[in-house]
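Worksheet: one structure, shown below.
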Amino acid sequence: MANRLAQQTSPYLLQHQHNPVDWYPWGPEALETAARLDRPILLSIGYSACHWCHVMERESFEDPATAAHMNAHFVNVKVDREERPDLDELYMRALQAFTGGHGGWPMTVFLTPQGSPFFCGTYFPPTPRQGMPSFRQVMDHARRLYHDGKADLAEVTSEMRRYLDASGRLPGPAPEVGNDWLERVARAAAAEHDPARGGFGQAPKFPPHGTLAVLLAHHHRTGDRQSLAMATGTLDAMARGGMYDQLGGGFARYSVDDAWRVPHFEKMLYDNAQLLAVYTDAWVLTGKPLYERVVRETVDFLLRELRDPRGGFWSALDADSEGVEGRYYAWTPAQVATALQDTPVADRAAQVCALLGVTEEGTFEHGSSVLRLERPLDTLPGDQQALLRQALPALARARDLRTRPGTDDKVITAWNALAISALARAAAAFDEEPWFEAAATAAAFLLEQVTVDGRLMRTWKASADGGRAHLPAYADDHAFLVQALVDLYQANFDESWLRDANRLCDRMLALFWDDDAGGLFYTGHDAEPLVSRSKHMMGGAEPAANGVAALAMLRLAALSDRPELRDRAELVVRCYRPLLEQAPRALGAEALAAAWLAGPSLEIGLVGPFHRQDTVALLDVVRRRFLPFSVVAVVEPG
């Protein structure tokens, strides 16, 4: 029998609809039930492409005995972190406070009926192993904490609420913006840079979208060659490595090792959108053929595998297929040979394996390897380049016969906005009208289908009756979409995009702006109250709403002659200034906004009919240059 999750729109929640666990979605019913029964809430947060979320489901949530224990002693709540990033961020900060900074998914949080966390963890196995307690032991410990020590429980939850309130705020604004933001981020990047393998820090290595954008801007402003080398070295390494899908385009979530050999295989819309934008900028700056290949193949991946027929973009491809992580993507030498057997290069399978890093021992699991270019394609001898140009399509055709990973087919507004920005910028740089049309269609879809009674919503999911928009949108949904609408205007200069951007920006400020301290709260003034209201300060896998909002408001201020938006952007950046000491590499959009404020920036006006040959020729001159601190307007004479 299906449980309460059967009525939800999230693919992740629907994956759990037949668990024997008596799951509730987050909402008043779960909180009221916990209060009435005087039971703690067992909150489990994950997402559909998460490998360890699937593992914990198979081991624990599908087990009748474990489910019976959960049902007897807890009110069990399942949350999709992508639908409810407000809950995910709030309780992730609690988890990291309990664990000394560690986090991850699935997230397991025990709450009072009022929503206050008192014990947290991530994945727990069904039996004790490798120093981890079993899930049953953890549940029993949480029960004892809740029922046997009410005074201690009250003290812990009170202290945690104070911590959540304090850690979710922006600092007070600094007196000045300062003109050293790009330099500070570049210096922090240099201290962590891996010159041999690209990237920053140790394994696992995540795609450093924001840092790369700042490094390119720092090079543009200062001519610093080290910044350019760090950026291009990392872009090269990611594009050649296993994190990039050499057959189908697009990037996996991150590399589990420091040499970019083995990825965590889930493919997320937000990663691919941000990387598409950075590779586009890097191509404009350098003209490297590798970057053009990545841009074109990543756009093809987005349009082929993540585009909803109605125009929006789906969220992710799973890491697993047939219950095994990476099975769809990994190869053995025998599988390569079989895929090439009916091609003109069948007798060169061993050479193909050598060029793509496929070995008998394997670089992944069970003797399999993840495809990677052992050397950059454009540095190979001509015969080897020709060999790969024949072999790669044959391998792709063979892979298409395998069981595909699952698709999370919900449309998330913020992630779609990132994709719209990237597609619009790539369309302008490469003069590809179909890419612009895809971006414009997605934007119209968000403004028309994912907006209910004038309120932008967080998600949309197809259904038998057409589709359902769900949950009021957050600050990042609004900020990213304002930025995307500006990028659409910069791509084709239709003033309707600019009007939509200004209208949505005003709505964003009305819903989220903190009139007392400045900056955007993450949830709207019309949202349900949680135990703490955060401003989602720091960027990570996605940029922070406040940083993107500041950058978007600066662009709108220049394009629309709205100095009050510049003033708000400056206040946001001054609030972030104290954080520049703590975590400069987490401040990508914020550093770009600060550099815009510090100047110089450009306002470029082209007067002439947009489709006249001489106007287009002037515009091409602009678009062939990397100009990160500029806006462009093309207007009719008069």
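How much net charge surrounds Ala68 when only other residues with a Cβ under 12 Å from its Cβ are counted (Lys, Arg +1; Asp, Glu -1)?
Working: positive: Arg136; negative: Asp22, Asp63.
Net charge around Ala68: -1.
Mind jotting down the distance between the C-alpha centroids of the range 424-459 and the range 203-282, whole Å?
Using only Cα atoms to place each centre, the spacing works out to 24 Å.
Run the helix sum for the chain: -39,500 (n - 2.57) per DSSP H stretch of 4+ residues, divided by residue count, reported at 222 nm to the nearest 500 deg cm²/dmol. Write down the numbers at each step before the final one.
Numbers: 23 runs with 313 residues, N = 638.
Theoretical 222 nm ellipticity from helices: -15500 deg cm²/dmol.
Find the accessible area per residue for the range 412-459; the probe is 1.4 Å, ligands and nucleic acids are left out, and the unit is Å².
Value for the range 412-459: 30 Å² per residue.
Can you tell me what share of the DSSP beta bridges in the chain is antiparallel? A percent to the nearest 5 is fine.
Details: 34 of 49 bridges.
Bridges in the chain that DSSP calls antiparallel: roughly 70 percent.
First compute the accessible area of the range 512-636 with a 1.4 Å probe, then give the percent of it belonging to carbon and sulfur atoms. Mind dumping the intermediate values first?
Working: 2720 of 5350 Å².
In the range 512-636, the share of accessible area belonging to carbon and sulfur is 51 percent.
What translational D, rounded to a whole number of µm²/s, comes out for the range 317-363 from Stokes-Einstein when the hydrodynamic radius is the Kirkwood one over Cα pairs, at 10 °C and 1.306 mPa s?
Working: Rh = 11.7 Å.
Here the translational diffusion coefficient equals 136 µm²/s.
One quarter of the convex hull surface, Cα atoms only: what value does that give for the range 6-52 in nm²? Provide the component values of the computation, followed by the final result.
Working: hull surface 15.3 nm².
Answer in nm², one decimal: 3.8.
Just checking the chain: which Cys have no other cysteine's beta-carbon under 4.7 Å?
Those would be Cys120, Cys353, Cys505, Cys575, since no other cysteine Cβ in the chain comes under 4.7 Å of theirs.
Along each of the three principal axes of the Cα atoms of the range 367-503, give the extent in whole Å, ordering the values from largest to smallest.
Projected onto its principal axes, the Cα set of the range 367-503 covers 58, 37, 24 Å.
Starting from the Cα of Lys267, draw a straight line to each of the lysines and keep only those under 23 Å, dropping any in the same chain fewer than 8 residues away.
Lys78, Lys205, Lys410, Lys461
Let me understand the range 566-638 better: what is its radius of gyration from the alpha carbons, and its Dmax, in angstrom?
Answer for the range 566-638, Rg first and Dmax second: 16.8, 50 Å.
Please report the orientation-averaged projected area of the range 61-214, defined via the convex hull of its C-alpha atoms, in nm².
Values: hull surface 53.4 nm².
Over every viewing direction, the Cα hull of the range 61-214 projects on average to 13.3 nm².
If you look at just the Cα atoms of the range 429-470, how large are its Rg and its Dmax in Å?
Values for the range 429-470 (Cα only, Rg and Dmax): 12.9, 39 Å.
Report the GluC sites (Glu not before Pro) located in the range 170-257 that are in a DSSP loop and have at most 14 other Cβ atoms inside 10 Å of their Cβ, or state none. Please report the intermediate quantities before stating the final value.
Numbers: sites: Glu176, Glu183, Glu192; in loops: Glu176.
When the GluC sites (Glu not before Pro) of the range 170-257 are filtered for loop state and at most 14 Cβ neighbours within 10 Å, Glu176 remain.
At q = 0.12 Å⁻¹, what is the log10 ratio I(q)/I(0) for the range 63-151, with the Debye formula run over Cα points and no solvent?
Normalising to I(0) and taking log10 leaves -0.38.
Hey, can you grab everything whose amide H is under 5 Å from the amide H of Tyr329? Only 5+ residues off in sequence or another chain; H modelled, so Pro and N-termini drop out.
none
To one decimal place, what Kirkwood hydrodynamic radius in Å is obtained for the chain from all pairs of distinct Cα atoms? Walk me through the numbers on the way to the answer.
Numbers: mean 1/r = 0.0388 Å⁻¹.
Computed over the chain, the radius equals 25.8 Å.
According to a simple spin-label model (label point 7 Å from Cα along Cα-to-Cβ), what is the distance in nm between Asp494 and Glu176?
My value for the distance between the label points is 4.4 nm.
Where in the range 589-603 does the label zone of Val635 land, with the point 7 angstrom along Cα→C-beta and an amide N cut-off under 15 Å?
The answer is 603, whose backbone nitrogens lie closer than 15 Å to the label point.
In the range 331-402, what percent of the accessible surface is made up of carbon and sulfur (1.4 Å probe, ligands and nucleic acids excluded)? Don't skip to the end; give the middle numbers.
Details: 1920 of 3650 Å².
On the range 331-402, the fraction of accessible area on carbon and sulfur atoms equals 53 percent.
Say a site is exposed when it is one of the trypsin sites (Lys or Arg not before Pro), sits in a DSSP loop, and has at most 12 other Cβ atoms within 10 Å; what is then the longest site-free stretch of the chain? Working shown, then result.
On the way: sites that count: Arg612, Arg624, Arg625.
Here the longest run is 1-611.
Cα atoms only, the range 101-177: Rg and Dmax in Å?
Calculated on Cα positions, Rg and Dmax stand at 16.4, 55 Å.
Between the alpha-carbon centers of the range 328-386 and the range 520-569, tell me the distance in whole angstrom.
Each part reduced to its Cα centre gives a spacing of 46 Å.
Do me a favour and compute the ellipsoid semi-axes for the range 345-413 from its Cα gyration tensor, root of five times each eigenvalue, largest one first, whole Å.
Value: 26, 16, 13 Å, ordered largest first.
How about the range 531-627: which chymotrypsin sites (Phe, Trp or Tyr not before Pro) there lie in a loop by DSSP and see at most 15 other Cβ atoms within 10 Å?
Those satisfying the criteria are Phe610.
Once all Cα-Cα distances of the range 208-270 are split into 10 Å bins that start at 0, what whole-number percent is in each one?
Per 10 Å bin, starting at zero, the Cα-Cα P(r) for the range 208-270 comes out as 23, 44, 27, 6 percent.
Which whole-Hz ³J(HN,Hα) couplings does the range 358-365 yield from phi under the Karplus relation 6.51 cos²θ - 1.76 cosθ + 1.60, θ = phi - 60°, glycine and proline marked x?
Couplings: 9, 10, 5, 6, x, 9, 10, 10 Hz.
Starting from the alpha-carbon convex hull of the range 1-129, give the projected area averaged over all orientations, in nm². Mind showing how you got there, number by number?
Values: hull surface 30.0 nm².
Projected area, direction-averaged: 7.5 nm².
Sum up the charges of everything whose Cβ sits under 12 Å from the Cβ of Val156, counting Lys and Arg as +1 and Asp and Glu as -1, but leave Val156 out. Show your work: numbers first, answer last.
Values: positive: Lys150, Arg161, Arg162; negative: Asp152, Glu155, Glu159.
Here the count lands on 0.
For the range 509-638, take the alpha-carbon Rg, divide it by the Kirkwood Rh, and send me Rg/Rh. Each step should come with its number before you reach the end.
Values: Rg = 17.8 Å, Rh = 16.6 Å.
Rg/Rh for the range 509-638 comes to 1.07.
Stokes-Einstein at 10 °C, 1.306 mPa s, Kirkwood radius from Cα pairs: D for the range 273-410 in µm² s⁻¹? Show your work: numbers first, answer last.
Details: Rh = 16.7 Å.
The Stokes-Einstein estimate is 95 µm²/s.
Past the 13 angstrom mark, what percentage of all C-alpha to C-alpha distances in the range 283-342 do you count?
Every Cα pair in the range 283-342 considered, those over 13 Å come to 75 percent.
Given a cut-off of 25 Å, what percent of all Cα-Cα pairs of the range 191-307 lie beyond it? Let's see the in-between values first.
On the way: 1033 of 6786 pairs.
Result for the distance tail: 15 percent.
The values are calculated or read from the model by the stated rules, or taken from the named source; none is laboratory data. On a predicted model such as this, the values are computed, not experimentally measured, just so you know. Cβ coordinates were reconstructed from backbone atoms using ideal geometry, including for glycine residues, and neighbour counts include every protein chain displayed. These area figures cover heavy atoms from the full protein model, side chains too; ligands, DNA and RNA do not enter into them. Shrake-Rupley method; radii C 1.70, N 1.55, O 1.52, S 1.80 Å.
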